[in-house]
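Taking it in order: structure first as structure tokens, then the write-up.
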Amino acid sequence: MKAYLVGFSSRDTKDLSWIDTYMGTAAGVLKRYDGKVLLIGKPEKVISEKDWERLTIIEFPSMEKLKSFHQDLQYYKVKQLRIQNTIGEMYFFNGVNMGEL
């Protein structure tokens with residue numbers, strides 16, 4: 001069963017110098033675990049205390065691959081940049097991509 005990483009985030013700094021380093025490394029590690037970015041965009045606030053700047057949905061072939069990506073040592077180094085420069089929430093879940101039924 002496929003697994004999905006869903007993240008909501010907002011920048012916590014005006015310094016954007018970290019983004020190129022993060023994206024350059026994260027993209028390669030994501031590919032290694034067969035992760036596929038399905039969506040990146042600004043969520044419209046409907047019923048929430050938060051007004052997030054960004055929603056990201058990434059699909060993985062399995063929960064094992066998703067967790068391996070998230071625990072990857074190379075990714076860990078740049079993940080710290082994201083954590084230091086954003087606020088957010090992240091969720092992992094198994095599911096079925098309804099477009100593939």
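The values are calculated or read from the model by the stated rules, or taken from the named source; none is laboratory data. Computed from a predicted structure; not experimentally measured. No Cβ is skipped: glycine too gets one built from the backbone with ideal geometry, and neighbour counts run over all protein chains shown. Note: areas computed on protein heavy atoms with side chains; ligands, DNA, RNA excluded. Shrake-Rupley method; radii C 1.70, N 1.55, O 1.52, S 1.80 Å.
For the reader, a short list of remarks on this structure follows.
- Qualifying residue in segment 27-39 (condition: open to solvent by less than 40 Å² (accessible area, probe 1.4 Å), free of Cβ contacts under 8 Å to residues at least 40 places away in the same chain, in contact with a strand residue (DSSP E or B) (Cβ under 8 Å, 6 or more places away or on another chain) and assigned to a loop (DSSP other than H, G, I, E, B)): yes
- Single residue of Gly95, Gly88, Gly35 found to be among the small types (Gly, Ala, Ser) and closer than 19 Å to Leu16 by Cβ: Gly88
- Taken over segment 52-101, residues that are at pLDDT below 95, within 15 Å of Val29 (Cα to Cα) and β-branched (Val, Ile, Thr) amount to 1.
- Residue under evaluation Leu5, criteria (1) open to solvent by less than 90 Å² (accessible area, probe 1.4 Å); (2) closer than 14 Å to His70 by Cα; (3) not in a strand (DSSP E or B), criterion not met: (3)
- Pick from segment 43-89, criterion within 15 Å of Ser10 (Cβ to Cβ) and open to solvent by 100 Å² or more (accessible area, probe 1.4 Å), ranking: nearest to the chain's Cα centre (by Cα): Gln84
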